[in-house]
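*Asks:* Structure provided below as structure tokens; questions to follow.
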Amino acid sequence: MNEIKPTNTTATDAGDDKDWAAAKLVFDNLKSKKPRPPKPQYAVTIAVSSRTLFNMDAERKIYEEEGLEKYVAYQQEHETEPFKQGVAFPLVKALMTVNSRLRKLYPDSEELFDIVLMTNNHAQVGVRLIYSINHYDLTIERFCMTGGQSPIGYLKAYLTNLYLSKDGDKVTEAIEEGIAAATMFTSGNVENQLSDTQLKVAFDGDAVLFSDESEIIVKKHGLDTFFEHEKEFENKPLAQGPLKCFLEALGKLQRKFYAKNERMTCPIRTYLVTARSAASSGARVLKTLRSWGLEIDEALFLAGAPKGPILEKIRPHIFFDDQMFHIEGAKELGTIAAHVPYGVGQKYHKGKLTEQQAKDAK
């Protein structure tokens, strides 16, 4: 998986630093109240697709039914009409809230969230996207518009820590490239229910923060064998999963608040929401996080109970899980859920092999 960007500049970065310093000088000499984006190597970069940030369902229908030329013409005709807010919009606003707090504590720091609009839209649609971003006063300065081609190849160049899209195929492609990624799903009316002062991020454990090694045992051999395995290997850390690096990035920013004695008022809060049982298999999870030097603010072990009611109470800006069964349960109760297509869980639905996987196993 992609690594957290270094916090110390090396000799090989000297040229980049010189170029960045020159660009910064030019920017600082311009009279603008708009904050400049942070240097990519220090930032926590969140790449968001245009259809995830904004609701473009009507426009998508025009593209699918009438073709690209009609789609582009429609966008140009309506380029001064802002798009409606999409499923990732509350998350982006929360990221900006954290940035505002960080800038007050560390005016010159480059360790901030950097939101990149990553889309395969045609560049002519960019005018309406820019208008929409300015309409909502979003701080998004970096764009990647690929004119119908997949943007996944640019994710590493943008030093992406997390990629969010509504296109499951692109998300799978990103994960295969070693980049933390998830497919976001629209839920109920959540805009007015989410915190506007704190970013809340909830993670499943196995096949999200951790590898799927333990989940494989559950699927193949059952719970009793799983419990025995976790007890035997309690002191052996689990291998990392696809979103471990994103939790690590969140922890890096959390510690900046702790350093200013603001642990209790930190605007980032993380949750582990796992189907594991605490007494039977929880110790290995907590010891793994400790071995990584990472903290989780709240750990909720549900022992197989539905996650939806707990998530309804937490009201996270985003909840990551590898199993669509849990994603669907979260959506039904109004949680913004994001599917991580990773690990053995992709072969199962509600604990059973999918029809296709069962055929393949014969």
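*Asks:* Percent of alpha carbon pairs in the stretch 171-281 separated by more than 16 Å?
*Replies:* Working: 4281 of 6105 pairs.
Tail of the P(r) past 16 Å holds 70 percent of the pairs.
*Asks:* Please list the non-local residues whose amide H lies under 5 Å from the amide H of ASN55, H modeled 1.01 Å from N, same-chain partners needing a gap of 5 or more.
*Replies:* Result for ASN55 returns LYS84, GLN85, GLY86.
*Asks:* To the nearest 500 deg cm²/dmol, what mean residue ellipticity at 222 nm is calculated for the chain from DSSP H runs of n ≥ 4 alone, each contributing -39,500 (n - 2.57), summed and divided by the residues? Can you show the working numbers first?
*Replies:* Numbers: 14 runs with 148 residues, N = 362.
Mean residue ellipticity, 222 nm, calculated: -12000 deg cm²/dmol.
*Asks:* May I ask for the angle, rounded to the nearest 10°, between helix 57-66 and the longest principal axis of the chain, with both axes built from Cα atoms and the value confined to 0 to 90°?
*Replies:* Value to nearest ten degrees: 80.
*Asks:* With axes computed from alpha carbons, what is the tilt in degrees of helix 14-29 against the longest principal axis of the chain, rounded to the nearest 10 within 0 to 90?
*Replies:* Approximately 50 degrees, to the nearest 10.
*Asks:* Any idea what angle helix 278-292 forms with the longest principal axis of the chain, computed on alpha-carbon atoms, 0 to 90 degrees, nearest 10?
*Replies:* 40
*Asks:* Rounded to the nearest 20 debye, what is the charge dipole size of the chain about its Cα centre when +1 sits on each Lys and Arg Cβ and -1 on each Asp and Glu Cβ?
*Replies:* 940
*Asks:* Which Rg and Dmax, in Å, describe the Cα atoms of the stretch 37-184?
*Replies:* Rg and Dmax of the stretch 37-184, Cα atoms, are 15.4, 51 Å.
*Asks:* For each of VAL208, VAL340, VAL201, count neighbouring Cβ atoms within 10 Å of the residue's Cβ, then give the residues from fewest to most.
*Replies:* Final ranking by Cβ density, sparse to dense: VAL201, VAL340, VAL208.
*Asks:* Same structure again: In this model, which of LYS252/LYS347; LYS104/LYS166; LYS61/LYS307; LYS200/LYS256; LYS39/LYS307; LYS256/LYS331 are farther than 27 Å apart at the alpha-carbon? Let's see the in-between values first.
*Replies:* Values: LYS252/LYS347 34 Å; LYS104/LYS166 34 Å; LYS61/LYS307 33 Å; LYS200/LYS256 17 Å; LYS39/LYS307 38 Å; LYS256/LYS331 33 Å.
Cα-Cα > 27 Å for LYS252/LYS347; LYS104/LYS166; LYS61/LYS307; LYS39/LYS307; LYS256/LYS331; rest within.
*Asks:* Could you derive backbone 3J(HN,Hα) for the stretch 228-244 from the dihedral phi with the Karplus parameters 6.51, -1.76 and 1.60 (θ = phi - 60°), listing whole Hz in sequence and x where the residue is Gly or Pro?
*Replies:* Whole-Hz 3J(HN,Hα) from phi for the stretch 228-244: 5, 5, 5, 5, 5, 10, 3, 9, 9, x, 5, 5, 6, x, x, 10, 4.
*Asks:* Moving on. Just going by the charge dipole of the chain, with Lys and Arg at +1 and Asp and Glu at -1 on Cβ, which of GLY241, VAL44, THR270 is farthest out on the positive end?
*Replies:* Result: THR270, furthest along the dipole toward the positive end.
*Asks:* Take the alpha carbon atoms of the chain, find their radius of gyration, then divide it by 2.2 N^0.38 Å using N residues; give the quotient.
*Replies:* In units of the globular-protein estimate, the chain measures up at 1.02.
Throughout, read-outs are computed from the coordinates displayed, never taken from laboratory work. Just so we're clear, the structure is a prediction, and the values are computed from it rather than from any experiment. A quick note on method: Cβ atoms are made from the backbone with ideal geometry, for glycine too, and the neighbour counts reach across all protein chains shown.
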